[in-house]
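Each reported figure results from applying straightforward, stated rules to the coordinates on display, with no laboratory input. The structure displayed is predicted, hence computed values, not measured ones. No Cβ is skipped: glycine too gets one built from the backbone with ideal geometry, and neighbour counts run over all protein chains shown.
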There are 4 protein chains.
Amino acid sequence: MKAVVLQAGHELAVNDVPEPRVESPNDIIVKVTTASICGSDVHIKYGEIPGIPPGTVIGHEFVGVVEEAGEAVRQVKAGDRVDIPAGIWCGVCAACRRGETQNCSNGGVWGGGYYFGQPLQGAQTSYVRVPNADLCVLPIPENVPDEQAVFVGDIFMTGYHAANQGGIRTGDTVVVYGCGPIGLCAVASAQFFGPKQVFAVDRFENRLAVAARLGATVINAKEDDPVNRILETTDMEGADVAIEAVGSAESFNQALGSVRRGGMVSVVGLFPESVELQLPILGLYGVRISMGLANPSSMGPLMSLLSSERIDLSPLCTHAYPLEDALEAYDLFENHKDQCIKVMLKP
Amino acid sequence: MKAVVLQAGHELAVNDVPEPRVESPNDIIVKVTTASICGSDVHIKYGEIPGIPPGTVIGHEFVGVVEEAGEAVRQVKAGDRVDIPAGIWCGVCAACRRGETQNCSNGGVWGGGYYFGQPLQGAQTSYVRVPNADLCVLPIPENVPDEQAVFVGDIFMTGYHAANQGGIRTGDTVVVYGCGPIGLCAVASAQFFGPKQVFAVDRFENRLAVAARLGATVINAKEDDPVNRILETTDMEGADVAIEAVGSAESFNQALGSVRRGGMVSVVGLFPESVELQLPILGLYGVRISMGLANPSSMGPLMSLLSSERIDLSPLCTHAYPLEDALEAYDLFENHKDQCIKVMLKP
Amino acid sequence: MKAVVLQAGHELAVNDVPEPRVESPNDIIVKVTTASICGSDVHIKYGEIPGIPPGTVIGHEFVGVVEEAGEAVRQVKAGDRVDIPAGIWCGVCAACRRGETQNCSNGGVWGGGYYFGQPLQGAQTSYVRVPNADLCVLPIPENVPDEQAVFVGDIFMTGYHAANQGGIRTGDTVVVYGCGPIGLCAVASAQFFGPKQVFAVDRFENRLAVAARLGATVINAKEDDPVNRILETTDMEGADVAIEAVGSAESFNQALGSVRRGGMVSVVGLFPESVELQLPILGLYGVRISMGLANPSSMGPLMSLLSSERIDLSPLCTHAYPLEDALEAYDLFENHKDQCIKVMLKP
Amino acid sequence: MKAVVLQAGHELAVNDVPEPRVESPNDIIVKVTTASICGSDVHIKYGEIPGIPPGTVIGHEFVGVVEEAGEAVRQVKAGDRVDIPAGIWCGVCAACRRGETQNCSNGGVWGGGYYFGQPLQGAQTSYVRVPNADLCVLPIPENVPDEQAVFVGDIFMTGYHAANQGGIRTGDTVVVYGCGPIGLCAVASAQFFGPKQVFAVDRFENRLAVAARLGATVINAKEDDPVNRILETTDMEGADVAIEAVGSAESFNQALGSVRRGGMVSVVGLFPESVELQLPILGLYGVRISMGLANPSSMGPLMSLLSSERIDLSPLCTHAYPLEDALEAYDLFENHKDQCIKVMLKP
């Protein structure tokens, strides 16, 4: 079967790889119907995440149909349409027992190499072997199309995580820095907590337009200083919650500068750089900072919100390509061409 | 000044009463601009709440303008437009220190006689003396009309309380029994918590129409069995949260019958009758029940949601009368005439 | 092998039953080293819990050593000493995905017949087949003896659940009605939440003596009115949390009468009778009631508290018998003979 | 009256200052019976906290007796023994309405100059004027001596805040970096949350001895690497919660290095320096950081724990001096002489 395979020298290629088989009674084989490209895949292409050797099939956002199920699998059966989270977990380690399956000691991320635990082949291909299937996969309701279901196990649950760990309360003012796919999902998710106002900050007009459709008050950081704007809107007190979905020291500091005393900075960006934390000031001012991967336990509730049409993420899905044209799709996504937000690959 | 005054024999009258004066440095005098009629006022008229002697001015829902402020008052000044909660609190007793100001040992409800603590004259009149004004009153933003602000201190915060104490979480299924003014506010408030679906149950089509405008899936209990409907919709599992806003044993039992294992029944109805609690079954099934008055700390956030136009409660305000025609207004409200939901009195 | 088997006519017998075998890749066979008798077993003997047919092996409190593990089991292996909760769960149903494994749609209780889900043979015998072993069993640290570990999966987690769902906060006053094994575990567990004072109510001096060793202020209900005593101690305000661990209408009402406005009644007793809930009064007073089975996710933390010697439950273990003398052990336990609190059976 | 007064040139002096008078109806005058010296007072002496002009009376830890009460004060009266928090609040600003009185927009800290809001004269003197007395002061139960009550409004509530914002849960492993007075109170407070084990790290044996009396497992950082020790004890997973009560980049980084994925670093130290936050690693690892001043709403519960003898903080009170010998007391405290932990000043 064809797959998007990491090459040495910061390249990808569409190559032939062997088809996977059931190896354990708890495995399933999923026939991929839609896989999407994530910003992390671009980081991986450029070697910015260590521990992922050339030859790795990449991609961790996908949905599909169960092709075969191991003998101990009871929740799903061949023919079922399923959503798969970006990574798997064991259900029995200390972290899993605490309910923090995203921090599983025995987990791994599709196409994430050794960096995220056990190496698992990625999903930008035709078939994927999914261990611990009963625990990790989620059936997809009939009325949710692939093009939205594929968000649930990665960018939607991560954007939701940003809002949820932010502890947004009724009437809060929220600011989301960064309107890439995860930032947009954070904007959408912030609305589930009854905020007074959600600000969305970015430099691309097409992303801000989607943020506005999702109910945000937009701030184009090219034209306006977001920190000043937030302070002015809040009687110089600051927002209750700031979400950092860019991954830069600049926006992290803007997030810190935007929140009120006792406010929360919720971080979901992947950071290439460290930041300096001004503890002499922040210690008295009083701020909370929360970071980490999304908890997949939100997948069920988020899928139910798509199914009940409480939320429509279709504006994020701007392009679709056959898997064999994946390199063209990456070029489009990576270089922000043609107002691209999210690209689907169809094996 | 004229006031709606409780009479012996289950009657009300519009009579002359003396104007109040500042009695303590923390008092303010509020000139009432709008007072509304609450279902509790009807209970009081019929003597169903003990400890309220004839001669009491009734009414606990009002907004107005500060006429005069005691010397120790700092937050508001003459001329400010303010919202006043249904009752006051002291800020220093054990309950207040816990943040449960609704359970204040030294509080009282406007026109609530001795039943709710210290007797306070009610608000269906021209002027009201408000003790502890700095703690208890809330300025009203310019763009929020009296007709919605007046809901914040009573029915809106109570409906919100129903949703909030219900512990609604993202993706939950919620059912609200009763679409009177508080039930409708509960429907509106449930939406602040990211539910999958909010069912609203009533027998009046005009109320159900408002519930539908507020985003609910409506069930007319004359035509449909709400418990069956909820169970069918939830794969026979039950809703996550049921809100009881009727105040009858029948709907309390329906609420209990509607929730899943581990679900919550949030009670805000005033009950004339006891219920039998089937502990042999419920103990193993696992249900939580929460009841009590609303916490006024939600007033600020709720006012901000009105001000930012996140929610529009104008459909609840169906009628307005001059104070001197209060008896006609009560007749309309009490007898569900002319599709009445809420009536404003204008002194 | 020998087992305690339910007979028709409210009798038990020690009979021969077949040994279990691994039936699924996720099963283990546990060689029971200690099983204890629970109050529920006595209810079962007398037919007070429906759906448990004669012939059922009873007993749901046990620890042992893994004799054999199915091929898909990874967490434990033959020879491991393990604690097993009173019931199992599937890990994938809606309740399990919410983390409420005690409400699993596909679960069952050892010796609990059809009443608790799928029928499972009980544990007062030599070998037990445990499905879903990776999810449900917990390794026992070397320094925790069987006689305390056996409490973790049933009475300790239930007593802890009583305290935890009670929402006890630093400085709270707590009252525990009933000092049977679960009530005593509730007394012990209440101490984990930093209370000001924990009252323990019972009529047996030997139980009250254990409660006192666990840090409680004891009230002998034969000599003292517990509600009056609580009210007097709390300036007539009431306790913050009352735990009902008796299972009678009388103590349920005492619990309700003991709590402050906004307080919590946490119910873990099994009730043979309904209660009348005075909603006209309670609705305004403001009380919360929580009931249901314990969540096994507390087993790990509780085992760690035993292992670190933060808590010593050895005073609860008053007797031990060989399994073949189980009927004598039941007589002792059931009739409160010889200051019995808890009896161990040794197969 | 005599008072400890800040001088230019990093000096203190015991000088005469005018006695305060009631200025507003909500004021009280407190006759100070005990004031204690805080580490912050030493920072102030050396000019490390800006905005505190020479001539300021310093000291923010004190208890006393009400000498006179303004006409609107209702909670306390002349003769009452009261505890006063380190700072006051207004009760009506946005932060106060959220219950975060420590972040009050109109507050101030005794002897804290302009840095903490409105300048208030300090408490190392004979009389203090306390505004907003009803809101801010707490009566002291008869059986709690000055020498422990004086901790409640500052170091005890701050140590408790460290534990509380840490979100410690039953069975958690906790590590407290720094066993100064606040660190020791954090050790004591961590025990209120049912931890498995509390580690206490310091370099002074006398402080570690007190930590051990308060139930901690001590680590002398001169002899042992605390991070290694924590990791080894937790199967290399890390503690659940680390409390930073030193205020140095070194211990902040140790705290970060000590916690598990998803763990919490709770900061209460005052920091003279910034730290570098390794977001590329921490972002995926998943850590939460919380900082800020203590919420005085814990004062009531903490006082009740002292009154019920659930906790004994007397080992912290090592010395007492007449106010006129304050400079000698500062020398002792500041230079860690004579195993000093806390010094009381008696006006």
Is it the case that some residue within segment A:254-266 is over 29 Å from D:GLU100 (Cβ atoms) and not in a helix (DSSP H, G or I)?
-> no
Residue by residue through segment A:245-258, note down the ones that are charged (D, E, K, R) and buried (at least 24 other Cβ atoms within 10 Å of the Cβ).
-> none
Going by the structure shown, is A:PRO315 more than 10 Å from chain D (Cβ to nearest Cβ), closer than 21 Å to A:ASN143 by Cα and free of Cβ contacts under 8 Å to residues at least 24 places away in the same chain?
-> no
If you go through segment D:143-159 one residue at a time, do you hit one that is over 22 Å from D:THR318 (Cβ atoms) and in contact (Cβ under 8 Å) with a residue 60 or more places away in the chain?
-> no
Tell me, yes or no, whether segment D:49-64 has at least one residue that is under 23 Å from the mean Cα position of the chain (by Cα), surrounded by fewer than 22 Cβ atoms within 10 Å (Cβ to Cβ) and of a type in the set (D, E, K, R).
-> no
Counted residues in segment B:225-237 being of a type in the set (D, E, K, R) and surrounded by 18 or more Cβ atoms within 10 Å (Cβ to Cβ) come to 1
Working only within segment A:7-44, note down all residues that are part of a strand (DSSP E or B), under 30 Å from A:PRO139 (Cα atoms) and among the hydrophobic types (A, V, I, L, M, F, W, C).
-> A:VAL14, A:ILE28, A:ILE29, A:VAL30, A:VAL32, A:ALA35
Given the conditions (1) surrounded by fewer than 20 Cβ atoms within 10 Å (Cβ to Cβ); (2) under 26 Å from B:LYS196 (Cα atoms); (3) of a type in the set (Asp, Glu), and given that B:ASP240 satisfies all but one, which numbered condition is not satisfied?
-> (1)
B:ALA200 vs (1) of a type in the set (Gly, Ala, Ser); (2) assigned to a strand (DSSP E or B); (3) surrounded by fewer than 17 Cβ atoms within 10 Å (Cβ to Cβ): all pass except (3)
Which condition number does C:PHE193 fail, the rest of (1) in contact (Cβ under 8 Å) with a residue 24 or more places away in the chain; (2) within 14 Å of another protein chain (Cβ to nearest Cβ); (3) out of contact with any Gly (no Cβ under 7 Å at 6 or more places or on another chain) being met?
-> (3)
Of the residues that sit in segment A:45-87 and are touching a Leu at 6+ places or on another chain (Cβ under 7 Å) and assigned to a strand (DSSP E or B), which one is farthest from D:LEU284 (Cα to Cα)?
-> A:VAL82
How do the helices (runs of 4 or more DSSP H) wholly within segment D:276-339 filter down when requiring 3 or more residues that are aliphatic (A, V, I, L, M) and over 24 Å from D:ILE84 (Cβ atoms): which remain?
-> D:279-285
Please specify each residue of segment A:322-345 satisfying the condition of being within 20 Å of the chain's Cα centre (by Cα) and within 17 Å of A:MET1 (Cα to Cα).
-> A:ALA326, A:LEU345
Could you list all residues from segment D:17-48 that are under 25 Å from the mean Cα position of the chain (by Cα), farther than 25 Å from D:GLY180 by Cα and away from chain B (no Cβ under 14 Å)?
-> D:ILE29, D:VAL30, D:LYS31
Out of (1) in contact (Cβ under 8 Å) with a residue 60 or more places away in the chain; (2) buried (at least 18 other Cβ atoms within 10 Å of the Cβ), the one A:ARG261 does not meet is (1)
Conditions (1) part of a loop (DSSP other than H, G, I, E, B); (2) within 14 Å of chain B (Cβ to nearest Cβ); number of the one not met by D:MET157 | (1)
Does any residue of segment A:163-180 turn out to be more than 13 Å from chain B (Cβ to nearest Cβ), surrounded by fewer than 24 Cβ atoms within 10 Å (Cβ to Cβ), touching a Gly at 6+ places or on another chain (Cβ under 6 Å) and not in a loop (DSSP other than H, G, I, E, B)?
-> no
Residue, farthest from the chain's Cα centre (by Cα), within segment C:71-99, restricted to residues that are of a type in the set (Gly, Ala, Ser), within 8 Å of another protein chain (Cβ to nearest Cβ) and surrounded by 18 or more Cβ atoms within 10 Å (Cβ to Cβ) = C:ALA72
All-but-one check, A:VAL259 against (1) more than 24 Å from D:SER251 (Cβ to Cβ); (2) at the interface with another protein chain (Cβ under 8 Å from one of its Cβ atoms); (3) β-branched (Val, Ile, Thr), failing number (2)
Looking at (1) in contact with a strand residue (DSSP E or B) (Cβ under 6 Å, 6 or more places away or on another chain); (2) more than 26 Å from B:TYR285 (Cβ to Cβ); (3) outside any helix (DSSP H, G or I), which is the only condition B:ALA211 fails?
-> (3)
Search result, residues across segment A:73-107 that are touching a residue at least 60 places away in the same chain (Cβ under 8 Å) and hydrophobic (A, V, I, L, M, F, W, C) | A:VAL73, A:VAL76, A:ILE84, A:ALA86, A:TRP89
When you scan segment C:236-256, how many residues do you find that are more than 8 Å from every other protein chain (Cβ to nearest Cβ), out of contact with any Asp or Glu (no Cβ under 7 Å at 6 or more places or on another chain) and acidic (Asp, Glu)?
-> 2
Hits in segment B:131-152 - residues which are outside any loop (DSSP other than H, G, I, E, B) and within 14 Å of chain D (Cβ to nearest Cβ) = B:ALA133, B:ASP134, B:LEU135, B:CYS136, B:LEU138, B:PRO139, B:VAL152
Could you tell me whether segment B:1-16 includes any residue that is within 14 Å of chain D (Cβ to nearest Cβ), in contact (Cβ under 8 Å) with a residue 24 or more places away in the chain and among the charged types (D, E, K, R)?
-> no
Criterion violated by B:GLU276 - all others in (1) at the interface with another protein chain (Cβ under 7 Å from one of its Cβ atoms); (2) within 22 Å of the chain's Cα centre (by Cα); (3) among the acidic types (Asp, Glu) satisfied = (2)
Return the residue satisfying two criteria in turn: it lies in segment D:100-123 and is over 15 Å from D:GLY153 (Cα atoms) and more than 14 Å from every other protein chain (Cβ to nearest Cβ), and of such residues it is surrounded by the most Cβ atoms within 10 Å (Cβ to Cβ).
-> D:LEU120
Residue in segment D:286-298 that is within 14 Å of chain A (Cβ to nearest Cβ) and at positive phi present | yes
